[in-house]
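One structure is given below, encoded as structure tokens.
Read the figures in this text as sums done on the coordinates, not as results from a lab. For clarity, every value in this text was computed on a predicted model and none was experimentally measured. Neighbour counts run over all protein chains shown; Cβ positions are idealised from the backbone, glycine included.
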Amino acid sequence: MIAGDDPLGWDTTAAADAYRDRDMRLAEKLIFPAVLRRLGRSPGPDRLVLDVGCGTGAITARLAGAGEWTVQALDPSADMLDIARADRPHPRVSYRLFDGRTLPWLADDSVDGAVCGLVYCTDPDDDRLAALTAEIHRVLRPGTPYLLADLNPAATGVGFSTLRHGEPGALYTDGDTVPTRLRLRDGTTMTSATHYRSLDRYRSFLTEAGFPAPTVDLPTLPVDGPAQDAPAETRTAPYMILTTRA
Ligand SMILES: C[S@@+](CC[C@H](N)C(=O)[O-])C[C@H]1O[C@@H](n2cnc3c(N)ncnc32)[C@H](O)[C@@H]1O
């Protein structure tokens with residue numbers, strides 16, 4: 001994949017391959033169950049949920065499987081979508097390349113839920129994310145949920161067992177680029193860049209798009225063993241899950 005083939009002009013080949021190999025244990029315990037719990041199982045056949053920024057399809061697979069939703073899984077990276085289609089096909093899932101900003105094929109009030117996991121932290125462009133949030137609000141039926149899961153901005157610099165976003169002791173403000181280290185399944189690490197936004201900034205993306213202020217979940221893991229050996233994710237939430245409704 002050359003950079004010009006992706007709608008955002010990013011070359012995502014290496015990132016997509018590395019992302020396929022990441023250690024997903026924390027996300028599997030702390031993000032995916034909370035998203036499914038908050039969203040609930042599909043209330044009926046053919047109920048449509050969007051997985052916006054689906055990447056390699058990890059959340060998509062759970063929404064279609066245990067959640068029994070029909071899923072449109074959208075991403076601006078053709079490389080991520082290639083992996084998702086190969087690794088996580090499902091009869092109720094359609095994967096679709098889009099521009100990360102607009103949803104012109106979807107009518108107003110035509111979607112029953114939307115999920116967006118670890119996307120805002122990867123996109124440096126506030127204007128694009130504001131437009132995307134407004135589009136998600138436009139296509140959701142009134143009263144249906146939008147779940148936005150992302151890195152917890154209050155946890156920069158904390159060394160979790162599978163990731164660390166930010167340097168220990170460093171302070172970040174809105175718009176800063178944050179070095180982010182991810183553990184891969186073979187025990188090696190990769191470093192990439194994420195983009196810091198405060199919780200207030202996330203709230204304003206939502207309220208400026210027309211959503212009410214979200215509820216905020218900050219899940220941690222229970223302590224399992226001697227307290228002095230407990231990993232950081234038993235004390236501090238690596239991720240946050242914001243829930244609001246159109
Ligand atoms: C860290 S991955 C997360 C993938 C998946 N949601 C998950 O939780 O496993 C971030 C994804 O967001 C996508 N992305 C970046 N900017 C986006 C935007 N403006 N709209 C939608 N997706 C975007 C990237 O291409 C990438 O696939």
Can you list, bin by bin at 10 Å, the percent of alpha carbon pairs in the chain, starting at 0?
7, 32, 39, 19, 3, 0
Quick one: net charge of I241's neighbours, Cβ under 12 Å, K/R +1, D/E -1?
0
Between T102 and D11, what is the FRET efficiency for a Förster distance of 25 Å, r being their Cβ-Cβ separation, to the nearest 0.05?
0.65
Could you tell me which residue out of T244, G225, V93 lies farthest along the dipole of segment 92-246 toward its positive end? Charges go on the beta carbon: Lys and Arg +1, Asp and Glu -1, centred on the Cα centre.
V93
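Any idea what the dipole of the chain comes to, in debye rounded to 20, about its Cα centre with Lys/Arg Cβ at +1 and Asp/Glu Cβ at -1?
Numbers: 26 positive and 34 negative charges, 166 e Å.
Around 800 debye, computed over the chain.
Over segment 119-246, what is the relative contact order in whole percent, taking alpha-carbon pairs under 8 Å and six or more residues apart? Walk me through the numbers on the way to the answer.
Values: 219 pairs, mean separation 41.4, N = 128.
Rounded, it is 32 percent for segment 119-246.
I need the peptides 131-142, 31-42, 202-213 ranked by packing, meaning the mean over residues of other C-beta atoms within 10 angstrom, with the highest value on top. Show your work: numbers first, answer last.
On the way: 131-142: 19.3, 31-42: 17.8, 202-213: 16.2.
Taking the mean over residues of other Cβ atoms within 10 Å, the ranking is 131-142, 31-42, 202-213.
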At 222 nm, what helix-only mean residue ellipticity would the chain give, in deg cm²/dmol to the nearest 500, using -39500 (n - 2.57) for each DSSP H run of four or more?
-7000 deg cm²/dmol
Taking only Cα atoms and a 10 Å spring cutoff, compute GNM fluctuations for the chain and point out the largest among R164, R92, R25.
R25
Segment 148-200: relative contact order in percent, alpha carbon pairs under 8 Å with at least 6 residues between:
31
Give me the distance in nm between label points sitting 7 Å out from Cα along the Cα-to-Cβ direction at M190 and D46, one decimal.
3.9
So what are the ³J(HN,Hα) numbers for segment 176-189, from phi and the Karplus equation (6.51, -1.76, 1.60; θ = phi - 60°), rounded to whole Hz, Gly and Pro as x?
5, 8, 10, x, 10, 9, 10, 7, 9, 5, 8, x, 7, 10
Only Lys, Arg, Asp and Glu count, each charged at its Cβ (+1, +1, -1, -1), so figure out the dipole size of segment 17-61 about its Cα centre, rounded to 20 debye.
280
Which distance in nm do the two modelled labels at A18 and Q228 give, with both placed 7 Å along the Cα-to-Cβ direction?
3.6
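What is the magnitude of the charge dipole of segment 189-243 about its Cα centre, with +1 placed on the Cβ of each Lys and Arg, -1 on the Cβ of each Asp and Glu, and no other charges, expressed in debye to the nearest 20? If you can, show how the numbers build up before the last one.
Values: 4 positive and 6 negative charges, 47 e Å.
For this selection, approximately 220 debye.
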Arranged from highest to lowest average of other beta-carbon atoms within 10 Å per residue, in what order do the peptides 9-17, 76-84 appear?
76-84, 9-17
Give me the number: length gained by fully extending S161 to R181, i.e. 0.36 nm times residue separation minus the C-alpha to C-alpha distance, one decimal in nm.
6.1 nm
Counting only residues 5 or more places away or on other chains, whose amide H sits under 5 Å from the amide H of G53 once H atoms are built in the peptide plane?
L74, D75
Quick numbers on segment 1-83, Rg and Dmax over C-alpha atoms in Å, give 14.0, 41
